[in-house]
Amino acid sequence: MRNHYRKSINLLFLFLFISTVLCYAQNDLPVNGHPPTDQNSLWKLGIQLGTFRNFSFMEGLDKTASLGLSWVEACPGQKFSQEDSEIVFNHSLPETYRNMIKTRLRILGLNLIGYGVVNLPDNEDSCKAVFDFARDMGIKTIVSEPEMEALPMIDSLCQLYDIRVALYNHPKPGRYWNPDTMLMACQGRSPAIGVCGDIGHWMRSSVNPLNALRKLEGRLITIHLKDLMDTGRPAAKDVPVGKGVADIDLLLEELRRQKFSGVFSLEHENNWDDNVPYLKLSISNFNTMSGYFIQREWITMLDRRLSQFMYQPDSWEIKDDVLIAKGGGDIWTKQKYGNFILDLDFKIEEGGNSGVFLRTGDVEEWLHTAIEVQIFDSYGKTTPDKHDCGAIFDCLEPMVNAVNKPGMWNRYTITCMDNKIYVVLNGRQVIDMDLDKWITPHQNPDGTQNKFNSAYKNMPRIGNIGLQFHGDPVMFRNIKIRVLPAAQG
C-alpha cells in the first residue's frame, strides 16, 4: 500500500516537474544572479545559522555556501564578523552592516528568508522595529514565541508588511511546546500566522513529530529539521538527519501529502566547533529520502567515485567533497548536454588559469569544438578583456571583472539555451552572448580575431562539459546541473 501511494505521488509530481521545467526555461533563466539549486524547487533546504553559533554571522554565510545550500534563517545574537566582533546581528543592525550582508548574500547566491527565534512583545512599536528590519532584508518569515495576547496586533502587522510569523516550539516548558497550544493560537488568525515546527524539540518534549505535523496541517510555514538519538530527554543529542529515531522518511512523506512548500532549516546542535561534516551527511540523506516523493530538477554531479566523469587515471581526485586537479589532463562529463544551467564553485591561486568547456563536440579536439568560459586570476583588473575570468575565451569579454581574490571561492552559473549563453560570476552577470552573431571563422562580431576554425554559430549545440587543467592548481565543488528542454516550434 505504501509503495502504491508513493507511486501515485511520483506520477503527480512528474507532471508538476515537467510543467515547472518548461516554465523555468522560458521565463526565468538565471541571467542576473545565482539561482536556488535545491534538488526540487518545491522543497527548500537551508540552514538555521544558530547551528554555527561558535562562529560569526558572516562565517555562517560562508559555511552555508560551502554546503551548496541556497536558504538561510538568521539567528539574533551572533557576532557580525571576526573583524567586527563587537557588532551583534539583530534587528537593530546599522544600515552599513545590513548593506554588507546584502552584498555578501548576492555574491554567494544565498537568500535570507527567515529570522528567529526573536521576541515579539505586546508592543506595536517594538514589533514594527522587527518587521521593518525583516522587510528591509527581504525576510519572509519571522520565527517567534509571542504571548497570545499580542497575536491580534501581530497578525495585523503580518498583513500590513506581507510577512509571516511562525510560532516556535522550544522544549517543555516553552510557551508553544505542545502542538495543541500552537493550534489554539492559530485559530481565528489569518494564514500569515502559522508554525515553525522543530522536529528535535518535539522529540525532547515527548511529542510524536508525525502526530504534530498531522495536527498542524495547513499552518506549517517552516520546519527546523533535526534528528535525535532518543526521545523524551531535554539533553538528547543531535545526530545527522536520517541517523536517529525521528523516522524522517515518514515525516517527509506526510509533508508531501500535505503539499508543504516551505523551508526546511537544518540544525545540528552538537559538535559545535566542526559540525559541517554532519550537516553534509544530513543534506545527502535528506536529498535521498526526499527523492522518493519529489522529482529531481537539479542533479549533483560530484560523488566519491566521480562516476559521472571521465578522466585520465590519477589526474583528478575528490577530497572532502572538493574536486582537485592533480595534473595529467582535463575532466569531462560522460553525458552530453545541450540546453542546461550549470552551477559550480571554483578556486584558483595567484596567476591561476583554468576553464569550463561547454557542449564539446570532440573531447580530443576540444579547442575547435568547445566553447570555453574562462577561469583566470584577473582580480583587480579595471578593464577586462577576452582572456580574463568570466570571458568566453577569445570571443567575448566579461561585462565586469567580478572574480574574487586568489585563494577565495568563486561561484559560476552558466546557462546554455539554444543560441544564447549567459554567465553569472559571484552574483554579477558577466556574459550575455548570442552565438548566432559569430558567423565567420576566426572573427568576432566586433572585428577582432579569434583562434577558432569554426564560426561559433556553427559550434555543436550539444556535447560534453569539461573542466580544464591548465597546469595550475584548481579546485571545484558543488557542481550541479539542471537540464532544460530544447526549443519549442
Practice problem: Report the label-to-label distance for MET310 and GLN187 in nanometres (one decimal), using points 7 Å from each Cα along the Cα→Cβ vector. | Solution: 6.6
Quiz item: What percentages, rounded to whole numbers, describe P(r) for segment 346-422 computed over all alpha carbon pairs with 10 Å bin width beginning at zero?
Solution: 20, 50, 27, 3
Quiz prompt | Cα-based Rg and Dmax for segment 110-227, where Dmax is the largest Cα-Cα distance (Å) | solution = 13.5, 38
Quiz item: Which percent of Cα pairs goes in each bin when the distances of the chain are cut into 10 angstrom slices starting at zero?
Solution: 4, 18, 27, 25, 16, 8, 2, 0
Exercise. Give me the angle, in degrees from 0 to 90, between the Cα long axis of helix 151-161 and the longest principal axis of the Cα atoms of the chain, rounded to the nearest 10.
Key: 20
Practice problem: Please work out the C-alpha center-to-center distance from segment 277-291 to segment 186-245 and express it in whole Å. | Solution: 18
Exercise. Pull up the cross-link candidates among the aspartates and glutamates for LYS451, meaning alpha carbon to alpha carbon under 19 Å and not fewer than 8 places away within one chain.
Key: ASP362, GLU364, GLU365, GLU372, ASP385, ASP388, ASP394, GLU397, ASP434, ASP436
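To the nearest 20 Debye, how big is the dipole of the chain about its Cα centre, given +1 on the beta carbon of each Lys and Arg and -1 on that of each Asp and Glu?
Details: 52 positive and 59 negative charges, 281 e Å.
Once rounded to the nearest 20, the dipole reads 1340 debye.
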Practice problem: Return one whole number: the accessible area per residue of segment 114-170 in Å², for a 1.4 Å probe. | Solution: 40
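Could you sort the peptides 390-401, 451-462, 312-323 by per-residue average Cβ neighbour count (10 Å cutoff), highest mean leading? Intermediate values should be presented prior to the final figure.
Details: 390-401: 21.8, 451-462: 15.8, 312-323: 14.2.
Answer by packing, highest mean first, reads 390-401, 451-462, 312-323.
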Quiz item: Where the centre of each part is set by its Cα atoms, how far does segment 297-326 sit from segment 46-109, in angstrom?
Solution: 30
Quiz item: Per the Kirkwood formula on distinct C-alpha pairs, the Rh of segment 141-203 is how many angstrom?
Solution: 11.7
Quiz item: Of the GluC sites (Glu not before Pro) in segment 90-147, which ones lie in a loop per DSSP and count no more than 15 other C-beta atoms within 10 Å?
Solution: GLU147
Practice problem: Quick one: pull the percent of accessible area on segment 160-239 belonging to carbon and sulfur, 1.4 Å probe, ligands and nucleic acids left out. | Solution: 51
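Calculate, for segment 248-290, the solvent-accessible area per residue in square angstrom, rolling a 1.4 angstrom probe over the heavy atoms of the protein chains.
Working: 1550 Å² over 43 residues.
Heavy-atom accessible area per residue stands at 36 Å².
Once you wrap a convex hull around the alpha carbon atoms of segment 71-170, what is its projected area averaged over all directions, in nm²? Intermediate values should be presented prior to the final figure.
Details: hull surface 26.5 nm².
Averaged projected hull area, Cα only: 6.6 nm².
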Quiz item: Residue farthest toward the positive end of the dipole of segment 301-373, with Cβ of Lys/Arg at +1 and Asp/Glu at -1: which of LEU323, THR333, HIS368?
Solution: THR333
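What percent antiparallel are the DSSP beta bridges of the chain, to the nearest 5? Intermediate results must be reported in sequence, preceding the final value.
On the way: 58 of 87 bridges.
Antiparallel bridges: around 65 percent, rounded to the nearest 5.
Calculate for the chain the 222 nm mean residue ellipticity that helices alone would give, adding -39,500 (n - 2.57) per DSSP H run of length 4 or more and normalising by residue count, nearest 500 deg cm²/dmol.
Working: 10 runs with 121 residues, N = 489.
When only DSSP H runs of four or more count, the value is -7500 deg cm²/dmol.
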Exercise. Mind giving me the nanometre distance, one decimal, between the label points for LEU250 and ASN54, set 7 Å out from Cα along Cα→Cβ?
Key: 3.3
Quiz prompt | Radius, Kirkwood style, for segment 117-168 when every pair of distinct Cα atoms is counted (Å) | solution = 10.6
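Stick to the Cα atoms of segment 170-300, pair each with every other, and give me the Kirkwood hydrodynamic radius in Å at one decimal.
Details: mean 1/r = 0.0656 Å⁻¹.
Here the Kirkwood hydrodynamic radius works out to 15.2 Å.
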Practice problem: May I ask for the angle, rounded to the nearest 10°, between helix 276-290 and the longest principal axis of the chain, with both axes built from Cα atoms and the value confined to 0 to 90°? | Solution: 90
Quiz item: What pairs in LYS226/LYS405; LYS334/LYS457; LYS128/LYS259; LYS79/LYS381 have C-alpha atoms more than 29 Å from each other?
Solution: LYS226/LYS405; LYS128/LYS259; LYS79/LYS381
Self-check item: Nonlocal amide H pairs with ASP198, under 5 Å, H built at 1.01 Å
Solution: ASN169, HIS224
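Percent of accessible area on segment 367-482 owned by carbon and sulfur, 1.4 Å probe?
Working: 2270 of 4410 Å².
Carbon with sulfur: 51 percent of the solvent-accessible area.
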Practice problem: Could you pull out the trypsin sites (Lys or Arg not before Pro) across segment 226-278 that fall in loop regions by DSSP (anything but H, G, I, E, B) with no more than 15 other Cβ atoms inside 10 Å? | Solution: LYS237, LYS259
Quiz prompt | Vicinal HN-Hα couplings computed from phi for segment 177-189 (Karplus, 6.51 cos²θ - 1.76 cosθ + 1.60; Hz; Gly/Pro x) | solution = 5, 8, x, 5, 5, 4, 5, 5, 5, 7, 4, x, 9
Practice problem: For the chain, find the longest principal axis of its Cα atoms and tell me its angle to the long axis of helix 95-108, 0 to 90°, nearest 10. | Solution: 50
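When the convex hull of the C-alpha atoms of segment 244-355 is computed, what volume per residue in Å³ does it have?
It comes to 176 Å³ per residue, whole-number rounded.
The values are calculated or read from the model by the stated rules, or taken from the named source; none is laboratory data. It should be emphasised that the depicted structure is a prediction, and the values quoted were computed from it without experimental measurement. All Cβ positions, even for glycine, are placed from backbone atoms using ideal geometry, and neighbour counts span all protein chains on display. Just so you know, the surface numbers come from the protein's heavy atoms only, side chains and all, with ligands and any DNA or RNA stripped out. Shrake-Rupley method; radii C 1.70, N 1.55, O 1.52, S 1.80 Å.
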